[in-house]
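Peer 1: One structure is given below, represented as structure tokens, and several questions about it will come after.
The values are calculated or read from the model by the stated rules, or taken from the named source; none is laboratory data. This structure is a prediction, so every number in the text was calculated from the model and none was measured. As a convention, Cβ positions derive from the backbone with ideal geometry for all residues, glycine included, and neighbour counts pool all protein chains shown. Surface areas here come from the heavy atoms of the whole protein model, side chains and all, with no ligands, DNA or RNA. Shrake-Rupley method; radii C 1.70, N 1.55, O 1.52, S 1.80 Å.
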Amino acid sequence: MLRYKYYMQIITTNYLVIGSGVAGLRAAIELGATGKVIVVTKDIPTESSTEYAQGGVAVAMSDEDEVGIHFEDTIKAGDGLCRKEAVKILVEEGPARIMELIEWGAKFDKDGTKLAFTLEAAHSRKRVLHAHGDSTGKELERVLINRVMSMHSIQRYPFCMAIDLIMEEGACKGAYILRSSASTRIPDVMAIYAKATILATGGAGQVFSRTTNPIVATGDGIAIAYRAGAVLEDMEFVQFHPTVLFAASAPHFLLTEAMRGEGAVLRNTNKESFMKTYHPDAELAPRDIVSRAIISEMVRTKSSHVYLDLTHLNPEFIKHRFPMIYSTCLQYQIDILKDMIPVSPAAHYMMGGVKTDINGTTNIPNLFAAGEVACTGVHGANRLASNSLLEGLVYGYRTGAEALKQYEGEREVFINETKDFDLLQGTAHPANSELEGIRESIRQIMWERVGIIRCGVSLNIAMEWLAQKEFVLNCNFDTRRGLELKNILTVASLITKAALKRKESSGAHYRTDSVVRDMSSQQHIQLMKNEYDFQLS
């Protein structure tokens, strides 16, 4: 056992927000009106899934739409597992949150003087707002960050990663934070105490080898909440985006569903259109169906990709509507005006996460969660396209408002001091090169065995393999990469366990050995630390 001294800074605040995507920023804005808020983010403040959200934000605000229709489309996409109360709140409160953004300076695209709406898969109306063509997430982030920066009550701590929650007598009192940019060998750790802690850490796409998610999306919030005793729900439901760039040396760059909404066609490597043979809605079928259709065509044609074809559309329209996609593809010698784009699916969005009620509260006192890290049941088994940014806005606001309601008026003694501690390290961990190998192996087996198409055999192989890596969970890491590895392994195991438990196919969870589903009962699989049996609700 290695022992050495280091200094840990002790800080107290009213509210601690972990994560700076749309949900975390919107919660911080609500909290900052009357209290002191600290927002910690693992990287630069703009590095989150919000920034990469191209398609837009779904909201029933057009002349041809109604919140009731948006409600029905969301319920249908969720394949019988949405919580109706949560969906009702999403669609009814969504317009107010969008109008608020516009008042704060958001610039959404327009047709003349009216807001422009587009169509995406599984929507029965054009209801997806977009900004700068295909940079909606960046626009939302710009507006929210500017709002946060204008509020002196909010402090931002970049390059800070949550290690674990501070738990005392069964309640959350804040979090231990690692300053991951520190160059010194001795870990730079803060203990931030808060009356209320809000998890807004986003998703866990980096658990899979192929993902649209940014490198920071390693499931940290889910893992630290699980270790603290939070209830997790619907972890088996992982959405895979059908169309992600597949090209040598290119990143896993998402090609928004709005391209298919505007008329793009999927073709196999024989240049044949194929979606009509899989679903009557063809390219506008739900994402899980499109992803499986693409995989089937790849297997049938013995290829590593299919094509997304826009070459029949007006070139000027394409450049105006998808400027970022157009310029990005050009960097990889693909001119989308005249070339078909090679694509294949990738892990994209977690429908499950830390179980909350409609106000973001968890089963742990003082702990809240909002956005992709949380599971309100609003998405059910399959998220309706472009509902995620709206969820972040609506439930980020509600979570901040609830924390404010519960703790406003409580007096807090503010401290900013340092104390020296003995750090007692546990199991010695492998060299960095071996850790990186383990990380990539986990991501690969999750993609191959717990991916778009699953079965009991593949899931058990993955579960047994992951169990052999459990020694990683006993290591006391003092680096960001080490902590991320522990979290990736934790979340990978939870996804696999939940997928094994759900015997029937539902939404994004597709099993080739699926049993007949009992549609009369809606069951949500819940997991808790130290409880070996799955709970159903």
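Peer 1: Search the range 473-490 for residues being touching a strand residue (DSSP E or B) at 6+ places or on another chain (Cβ under 9 Å) and in a helix (DSSP H, G or I), and hand back the single one that is farthest from Gly205 (Cα to Cα).
Peer 2: The selected residue is Asn474.
Peer 1: Hey, among Gly133, Gly94, Gly56, which residue is of a type outside the set (A, V, I, L, M, F, W, C), open to solvent by less than 50 Å² (accessible area, probe 1.4 Å) and at pLDDT 95 or above?
Peer 2: Within the list Gly133, Gly94, Gly56, the selection yields Gly94.
Peer 1: Filter the range 272-318 for residues that are small (Gly, Ala, Ser) and over 26 Å from Gly380 (Cβ atoms) and give the result.
Peer 2: Ser273, Ser303, Ser304
Peer 1: Given the condition assigned to a helix (DSSP H, G or I) and of a type in the set (Val, Ile, Thr), answer yes or no: does some residue in the range 116-128 qualify?
Peer 2: No, the range 116-128 contains no residue that is assigned to a helix (DSSP H, G or I) and of a type in the set (Val, Ile, Thr).
Peer 1: Separate question: If you check Glu139, Glu93, Glu64, which single one turns out to be in contact (Cβ under 8 Å) with a residue 60 or more places away in the chain, closer than 25 Å to His379 by Cα, outside any loop (DSSP other than H, G, I, E, B) and not aliphatic (A, V, I, L, M)?
Peer 2: Of Glu139, Glu93, Glu64, the one residue that is in contact (Cβ under 8 Å) with a residue 60 or more places away in the chain, closer than 25 Å to His379 by Cα, outside any loop (DSSP other than H, G, I, E, B) and not aliphatic (A, V, I, L, M) is Glu93.
Peer 1: Still on this structure, please answer the following. Scan Ser62, Ser20, Ser48 and give me the residue that is within 24 Å of Ala508 (Cα to Cα), modelled with pLDDT under 95 and of a type in the set (Gly, Ala, Ser).
Peer 2: Ser48
Peer 1: Here are the criteria: (1) open to solvent by less than 50 Å² (accessible area, probe 1.4 Å); (2) under 19 Å from Tyr349 (Cβ atoms). Tell me which single one Asp109 does not satisfy.
Peer 2: Result: Asp109 fails condition (2) only.
Peer 1: Contact list please: Cβ distance under 6 Å, first residue in the range 155-167 and outside any strand (DSSP E or B), second residue open to solvent by less than 40 Å² (accessible area, probe 1.4 Å), pairs at least six apart or on different chains.
Peer 2: Listed by first residue and then by second, the contacts come to Pro158/Thr41; Pro158/Pro45; Phe159/Ser180.
Peer 1: Got a number for residues in the range 345-390 being within 19 Å of Asp79 (Cα to Cα) and touching a Leu at 6+ places or on another chain (Cβ under 6 Å)?
Peer 2: Count: 3.
Peer 1: Which members of the range 201-219 meet the condition of being of a type in the set (Gly, Ala, Ser) and open to solvent by less than 10 Å² (accessible area, probe 1.4 Å)? It would help to see each step written out before you state the result.
Peer 2: Quick first cut of the range 201-219, residues of a type in the set (Gly, Ala, Ser) only: 202-205, 209, 217, 219.
Once the filter is applied, which keeps residues that are of a type in the set (Gly, Ala, Ser) and open to solvent by less than 10 Å² (accessible area, probe 1.4 Å), the range 201-219 yields Gly203, Ala204, Gly205, Ala217, Gly219.
Peer 1: Return the residues of the range 237-260 that are in contact with a Gly (Cβ under 7 Å, 6 or more places away or on another chain) and farther than 15 Å from Gly205 by Cβ; say none if nothing qualifies.
Peer 2: Thr256, Glu257, Ala258, listed by residue number.
Peer 1: Take Ile222 and tell me if it is over 25 Å from Leu284 (Cα atoms) and open to solvent by less than 10 Å² (accessible area, probe 1.4 Å). Spell out the reasoning first.
Peer 2: Numbers: over 25 Å from Leu284 (Cα atoms): yes; open to solvent by less than 10 Å² (accessible area, probe 1.4 Å): yes.
So Ile222 passes the test.
Peer 1: Sticking with this one: Take residues that are in contact with a helix residue (DSSP H, G or I) (Cβ under 9 Å, 6 or more places away or on another chain) and at pLDDT 95 or above and tell me which of the helices (runs of 4 or more DSSP H) falling wholly in the range 213-303 contain 1 or more. Talk me through it step by step, then tell me what you get.
Peer 2: Numbers: elements: 220-228, 258-261, 287-300.
The helices (runs of 4 or more DSSP H) meeting that bar are 220-228, 287-300.
Peer 1: Please enumerate the residues belonging to the range 234-272 that are open to solvent by less than 10 Å² (accessible area, probe 1.4 Å), free of Cβ contacts under 8 Å to residues at least 60 places away in the same chain and either closer than 23 Å to Glu372 by Cα or of a type in the set (Gly, Ala, Ser) (or both).
Peer 2: Ala264
Peer 1: Could you identify the single residue in Leu199, Leu115 that is over 26 Å from Gly221 (Cβ atoms) and at pLDDT 90 or above? Step through it out loud before you land on a result.
Peer 2: Numbers: Leu199 fails: over 26 Å from Gly221 (Cβ atoms).
Result of the check over Leu199, Leu115: Leu115.
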